[in-house]
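K.L.:
What follows is a single structure, and I will ask about it in a moment.
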Amino acid sequence: MTKNEKKSLNQCLAEWKLFIYNPTTGEFLGRTAKSWGLILLFYLVFYGFLAALFSFTMWVMLQTLNDEVPKYRDQIPSPGLMVFPKPVTALEYTFSVSDPTSYAGYIADLKKFLKPYTLEEQKNLTTCPDGALFEQKGPVYVACQFPLLLLQACSGMSDPDFGYSKGKPCILVKMNRIIGLKPEGVPRIDCVLKNEDQTNITTYPHNGMIDLKYFPYYGKKLHVGYLQPLVAVQVTLAPSSAEKEVTVECKIDGSPNLKSQDDRDKFLGRVMFKITAHA
Amino acid sequence: MELGWKKRAVAPMEQNPRQIPIKGPKPSKKKMKRQKKERDTEELKKEMVMDDHKLTLEELSTKYSVNLTTGHSHQRAKEILIRDGPNTLTPPPTTPEWVKFCKQLFGGFSLLLWTGAILCSVTYGIQIYFREEPAKDNLYLSIVLAVVVVITGCFSYYQEAKSSKIMESFKNMVPQQALVIREGEKMQINVQDVVLGDLVEIKGGDRIPADLRLISARGCKVDNSSLTGESEPQSRCTDFTHENPLETRNICFFSTNCVEGTARGVVIATGDSTVMGRIASLTSGLESGQTPIAAEIEHFIRLITVVCLTLTAKRMARKNCLVKNLEAVETLGSTSVICSDKTGTLTQNRMIVAHMWFDETTYEVDTSKEQTGKTFANNSDTWFTLAQIAGLCNRADFKPHQETLPIAKRATTGDASESALLKFIEQSFSSVTEMRKKNPKVAEIPFNSTNKYQMSIHFREDSSQTHVLMMKGAPERILEFCSTFLLHGQEYSMDDELKEAFQNACLELGGLGERVLGFCFLNLPSSFSKGFPFNTDEINFPMDNLCFVGLISMIDPPRTTVPEAVNMCRSAGIKVIMVTGDHPITAKAIAQRVGIISENTETAEEVAARLRIPVSKVNPSDAKAIVVHGSELKDLHSEQLDQILRNHTEIVFARTSPQQKLIIVEGCQRLGAIVAVTGDGVNDSPALKKADIGIAMGISGSDVSKQAADMILLDDNFASIVTGVEEGRLIFDNLKKSIMYTLTSNIPEITPFLLFIVLGIPLPLGTITILCIDLGTDMVPAISLAYESAESDIMKRRPRNPKMDKLVNHRLIAMAYGQIGMIQAVAGFFTYFVIMAENGFRPMDLLGIRLYWEDKFLNDLEDSYGQQWTYEQRKVVEFTCQTAFFVTIVLVQWADLIVSKTRRNSVFQQGMRNKILIFGILEETFLAAFLSYTPGMDVALRMYPLKISWWFCAIPYSILIFVYDEIRKLLIRQRPGGWVERETYY
């Protein structure tokens, strides 16, 4: 409406200055000190009240929760499969047989991961009957032993390098923990090579068996010391100087209630990883 | 501007046009335009070869084969109409419908969405190319985006088309008429039916229906400013005065205006072949600037605005206000001064009897009601005599065949005062027709302005068989004829006492703004027997020493709805100024009756009279009312006028000319007021144009005034303006509410992303869900607020100051973003944390989890209970949370919608009668449920079904919003002007 009244730069500046501090009315940014005080007090009270209400509703909600078991478990009906150690980017293991520093990280990770599985750590755990679900009624829940020996060549006991120095890298495959999950049948982890046939693949324990005695899981709080059953995969790369690249796919097999095929979830009951070994 | 057209159109021809296109390296666009203009004017000049103005009348008659007294035959006119087509300008090439549609489909925000859709499908294409089995999300998202854009595009196109159709129909409701002579008969026809050779009659106030060659003219002046830019009216006659057809005086041009006088002419060009038609392409480029609201709303949802404005325009048309452009509705809402005419607008434009004075007593006639029964009853013989005179000495008569109508509604012949008397006597005394039959008129002298009386002689057909002379006229004139007076049926001789009483009565009634008539009679001696040849030119009968009977006064009564309307204006902070050509006394009386001057305010003169001090000594602050005479106004400086306008709340301008109206409007605008002006005459059009809202009268208004106005009152009623003001305010309020509602949900839409970054939690609300809110669930409720009815205070607050009270002010932003929006955001986060916690991720464990959460290869992420999640599994939880966040926003938007219904009143006062709003609530809820529960939505939009309990997480916060806002509004109502109002009343 008043576009024709062009303001000079100086006028503009003066107006801004007056807006920032107006000495006649004592207004700072268009408000007097009292006005600022009131509005800030109002928002302090308002947001304070809002925060209190939020905290209260959150508290009420947390009261309804159980410390041991989450309220809903329908979002994870079936476990995912995951490998260890986890490479930094993607699931691609790259190392050079001749260069120990290239796989030192993996070995360190493995050693750290397997620490709870050592005999000393497991001596307080129970020896459970094999081949059956180990259901407990509480109130004290005990954990079953997982003898590291089951992993044989990949246990790190006979070969502290987990085969990396020999071109036979070990990779652990584990099934995600899910509270109350009871696998049916005889679950095992079946690993196949995607593209190569000269390379060998070995799984420990034998046939990649997962014993049912490790199920069901009763949660972090109740099930103290619980050891997740592990399966080790050892890929024996053909001894040649050329660069080797193999893709391995592992799947849960033998249990009808554990899914291993999903369009969206590429890790539901299966896992795929790549090993690239330089000479 | 003088001769402006000539300069533009003719001057370039005198130069060599070929010199102008200088072949520079970069011919600017402006230059190209100029070249085009020159070409156009060149063509115009070529075709301007017109010789009709040089022809004699005989030649003209042969050229158009038309008889210059009887005009065309109907048959011939029809033939020519078929040959030449209707007399209208081909409308400038309007944007084709499909272009308009495309504009809706691809303009502005839609373009953004299209880009999104295209990017999505491109991504999908790339994924197909590089990966064997790509996720279909991108494909579905692009399809959904495209569908949303097409649907909203169609909807807004439909709305726009509907509103422009309504505006178009408004234009057609005020058709232009022309008076033509065909087969010797004068007839009103629509302008588009005027054909070449038609004889057309024009008079002051008309728009010229076609190019005319005048064949007779009486004091005719035309305003050619729209064609030549000459602002002075040009006189027109039949003589050929100039070679140039634009200069000669015997041609009138299509679409110019006749300002005064009358003329008759032959149509020499119609439609596009008229001079105006040929330069139409040059003038149609003129576009009016944006009105303030148009500029403001550009930033906000245009669609909602169009809906609001269209609705209001329709509603106003039902209440007899035609709005010529949509934004005028809103301007009307901010009106702070209305300058109104008196006659016809504030008054009914007819006369009724208001008072009588006889037997030395003033009697009031009941004028308030519909006047169906007897309005006056008295047993005095004087009254019988007075009624006889009023009925007999009266030339007015009822038109035939109206016996069934109530008397007050019957049409009459004769002038307004006589009709008033006729109706009054018919109603209160007896049938005038019978009275006249019994007392036939034998001679009469009609009223004229020098006599100032009317006389008639009647023969009494009863037993007396005598003549009686009756007379009515200006009171003082009548008194001069009288030597006796009638008191309770007895004649007494005239004395000073009666004369004084008479004077007082005259003054009293005159002071009420009424037109007073005196009545007297004389029984002629029996010597004037039946059949006596009374001669009114050379008077052969006595016409002095009459007997005075009484006075009857009449008034043009105010429209019944006006006092209430004026009162509403006053409480709405709108100043009503009366501007009239009438006498100051009449003007003031009407002003007092309609409340423009209220009961307890006084003018300076009245204060002076009361305190017995000279007018000059009156304290100006005591006199709130003033009646300004046109002659005083003429001598005032603009500062003095400003002072009058500023210092008086109740102002009447009497005896003003239309030019002075313009001065008054300008004065008000100088003081920062938004002025609405009513007008009907040709001369009012400058004031109508100058005013912020020009209001023309649909019945009495001239074509010119209707063109200049922004709004047309179909019933000429002042009260309709007030309705318009109310609607204008309502639309502004509703727009505010709608914007408030729409802005609020921005906060719960933005904060999730902020906290996603700052707190490192999984994203609580995604892009698709935001789009679902903005384009889906918020749409109908926001529009439904346009249907909200007014709050009770709408006409009790001051008009908005367009410079200060913006549509969107900092208080609205503070409310929407700082308060309600924050509550909504908190509600959303609460729902989010509930779902996360119930699925195993407790709030504390979520903080900072983002990097792990988003890692596609981390497929054993541990939750608070030791369970491990794959990427996809936790993403499903995340998307479920987003769906729940979305549903929560919908639920808190319920509360927001309900609190946005009112700005001051409680919702309990306002009620929930807005059906569209209830539909909106249901619609958004069903849409939310549909999006959440329809199978396949997980693939298409990544929205997942929710557990019923998660719907209730928002409820405490919805209640909080409602209660908080009700308390806020309660405080606003209870402490007007208090801190809460100053900080939160948007």
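K.L.:
Tally Lys and Arg at +1 and Asp and Glu at -1 over the other residues with C-beta under 12 Å from the C-beta of B:Lys63: what net charge comes out?
P.N.:
Numbers: positive: B:Lys54, B:Arg213; negative: B:Asp51, B:Asp52, B:Glu58, B:Glu59.
So the environment of B:Lys63 carries a net charge of -2.
K.L.:
I'd like to know which of A:Thr203, A:Ala143, A:Phe84 lies farthest towards the positive end of the charge dipole of the protein assembly as shown, counting +1 on Cβ of Lys and Arg and -1 on Cβ of Asp and Glu.
P.N.:
It is A:Thr203.
K.L.:
Given points 7 Å out from each Cα along the Cα-Cβ axis, report the B:Arg982 to B:Leu970 separation in nanometres with one decimal.
P.N.:
With each label point 7 Å from Cα toward Cβ, the separation is 2.3 nm.
K.L.:
Given the Cα atoms of chain B, and with Rh set as the inverse mean 1/r over their pairs in the Kirkwood sense, what is Rg to Rh to two decimals?
P.N.:
Reported Rg/Rh (Cα atoms, Kirkwood Rh): 1.09.
K.L.:
Using a 10 Å cut-off around each Cβ of peptide A:61-73, what is the average number of partner chain Cβ atoms that fall inside? Could the numbers behind the result be given before it?
P.N.:
Details: counts 8, 6, 0, 4, 6, 1, 3, 2, 3, 10, 8, 7, 5.
Shielding by partners across A:61-73 averages 5.
K.L.:
Find out how many positive minus negative residues lie around B:Lys186, taking Lys and Arg as positive, Asp and Glu as negative, among other residues whose Cβ is under 15 Å from that of B:Lys186. Intermediate results must be reported in sequence, preceding the final value.
P.N.:
On the way: positive: B:Arg182, B:Lys203, B:Arg264; negative: B:Glu183, B:Glu185, B:Asp193, B:Asp198, B:Glu201, B:Asp206.
Charge balance in the 15 Å sphere: -3.
K.L.:
On the Cα set of the stretch B:562-642, report Rg and Dmax in Å, please.
P.N.:
Reported Rg and Dmax, both Å: 13.6, 36.
K.L.:
How would you classify the stretch B:683-735 from its alpha-carbon gyration tensor, with a ≥ b ≥ c the square roots of the eigenvalues: rounded for a/c under 1.5, else prolate if a/b is greater than b/c, otherwise oblate?
P.N.:
Numbers: a/c = 2.99, a/b = 1.67, b/c = 1.79.
In terms of gyration-tensor shape, oblate.
K.L.:
Could you give the spread of the C-alpha atoms of the protein assembly as shown along their three principal axes, from largest to smallest, in whole angstroms?
P.N.:
For the protein assembly as shown, the Cα spread along each principal axis is 160, 77, 65 Å.
K.L.:
Tell me which cysteines of chain A come out unpaired when the rule is another cysteine's Cβ under 4.7 Å.
P.N.:
When partners are defined as cysteine Cβ atoms under 4.7 Å apart, chain A leaves A:Cys12 without one.
K.L.:
Between B:Asn801 and B:Ile955, what is 0.36 nm times their sequence separation minus the Cα-Cα distance? Round to one decimal in nm.
P.N.:
51.5 nm
K.L.:
So if I restrict to the alpha-carbon atoms in the stretch A:37-135, what is the Rg, and what is Dmax, the biggest pairwise distance, in Å?
P.N.:
Rg, Dmax (Cα atoms, Å): 25.3, 73.
K.L.:
On C-alpha positions alone, give me the angle between the axis of helix B:955-974 and the longest principal axis of chain B, in degrees, nearest 10.
P.N.:
With rounding to tens, the tilt is 30 degrees.
K.L.:
Just add up the charged neighbours of A:Thr25: K/R +1, D/E -1, any other residue whose Cβ is under 14 Å from the Cβ of A:Thr25.
P.N.:
Here the charged neighbours net out to +2.
K.L.:
May I pose another question? For each pair in B:Lys423/B:Lys575; B:Lys78/B:Lys221; A:Lys221/B:Lys136; B:Lys100/B:Lys324; B:Lys803/B:Lys915, compute the distance between the two Cα atoms and list the pairs where it is over 28 Å.
P.N.:
Over 28 Å Cα-Cα: B:Lys423/B:Lys575; B:Lys78/B:Lys221; A:Lys221/B:Lys136; B:Lys803/B:Lys915.
K.L.:
Still on this structure, please answer the following. Could you give the nm distance between label points at B:Ala411 and B:Gln75, where each point is 7 Å from its Cα heading toward the beta carbon?
P.N.:
Result: 3.3 nm between the two label points.
K.L.:
Each label point is 7 Å from the Cα along the Cα-to-Cβ direction; what then is the distance between the points at B:Leu57 and B:Ser598, in nm?
P.N.:
6.3
K.L.:
Tell me, rounded to the nearest percent, the portion of alpha carbon pairs in the stretch A:81-277 spaced more than 27 Å apart.
P.N.:
30
K.L.:
Going from the alpha-carbon gyration tensor of the stretch B:447-520, what semi-axes, largest first and in whole Å, does one get by taking the root of 5 times each eigenvalue?
P.N.:
On the way: eigenvalues 118, 61, 22 Å².
They are 24, 17, 11 Å, listed from largest to smallest.
K.L.:
Can I ask one more? Let me check I have the definition right: for the stretch A:11-64, take the eigenvalues of the Cα gyration tensor, multiply each by 5, take square roots. What are those semi-axes in whole Å, largest first?
P.N.:
The answer is 41, 11, 4 Å, longest axis first.
K.L.:
I need the shape label for the stretch A:111-176. Rule: rounded when a/c is under 1.5, else prolate if a/b > b/c, else oblate, with a, b, c from the alpha carbon gyration tensor.
P.N.:
The shape class here is prolate.
K.L.:
Sticking with this structure for a sec: Would you kindly compute the Cα radius of gyration of the stretch B:617-729 and its largest Cα-Cα separation (Dmax), both in Å?
P.N.:
14.8, 47
K.L.:
Follow-up question, since we're still on this one. For the peptides A:8-18, B:245-255, what is the packing order when you average, over each peptide's residues, the other Cβ atoms within 10 Å and list the highest mean first? List each step's numbers first, then the result.
P.N.:
Numbers: A:8-18: 10.2, B:245-255: 20.9.
Top to bottom by mean Cβ count within 10 Å: B:245-255, A:8-18.
K.L.:
Additional query: Could you list the square roots of 5 times each eigenvalue of the Cα gyration tensor of the stretch B:569-616, that is, the equivalent ellipsoid semi-axes, sorted largest first and rounded to whole Å?
P.N.:
On the way: eigenvalues 97, 43, 16 Å².
Each semi-axis is the square root of five times an eigenvalue, giving 22, 15, 9 Å.
K.L.:
So which trypsin sites (Lys or Arg not before Pro) in the stretch B:882-921 are both in a DSSP loop and have at most 11 other Cβ atoms within 10 Å of their Cβ?
P.N.:
B:Arg913
K.L.:
While we're on this one: Treating only the Cβ of Lys, Arg, Asp and Glu as charged (+1, +1, -1, -1), what charge dipole size does the stretch A:81-277 show about its Cα centre? Round to the nearest 20 debye.
P.N.:
For the stretch A:81-277, the charge dipole is close to 660 debye.
K.L.:
Quick check on my link table: of A:Lys34/B:Lys901; B:Lys796/B:Lys901; B:Lys165/B:Lys409, which ones sit more than 26 Å apart, alpha carbon to alpha carbon?
P.N.:
A:Lys34/B:Lys901; B:Lys165/B:Lys409, as the Cα separations exceed 26 Å there.
K.L.:
What list of ³J(HN,Hα) values in whole Hz, one per residue of the stretch B:778-786 in order, does the Karplus curve 6.51 cos²θ - 1.76 cosθ + 1.60 (θ = phi - 60°) give from phi, with Gly and Pro shown as x?
P.N.:
Coupling constants for the stretch B:778-786: 7, 5, 5, x, 5, 5, 4, 5, 5 Hz.
K.L.:
Now for a separate question. Residue by residue through the stretch B:673-688, which ³J(HN,Hα) values in whole Hz follow from phi under the Karplus form 6.51 cos²θ - 1.76 cosθ + 1.60 (θ = phi - 60°), with glycine and proline marked x?
P.N.:
After applying 6.51 cos²θ - 1.76 cosθ + 1.60, I find 8, 9, 10, 9, 10, 9, x, 10, x, 4, 6, 7, 4, x, 5, 5 Hz.
Here, each number is a calculation from the coordinates, and none is a lab measurement. Being a predicted model, the structure only gives us computed values, none of them experimental. Using ideal geometry, Cβ is built from the backbone for each residue, glycine included, and neighbour counts are taken over all protein chains shown.
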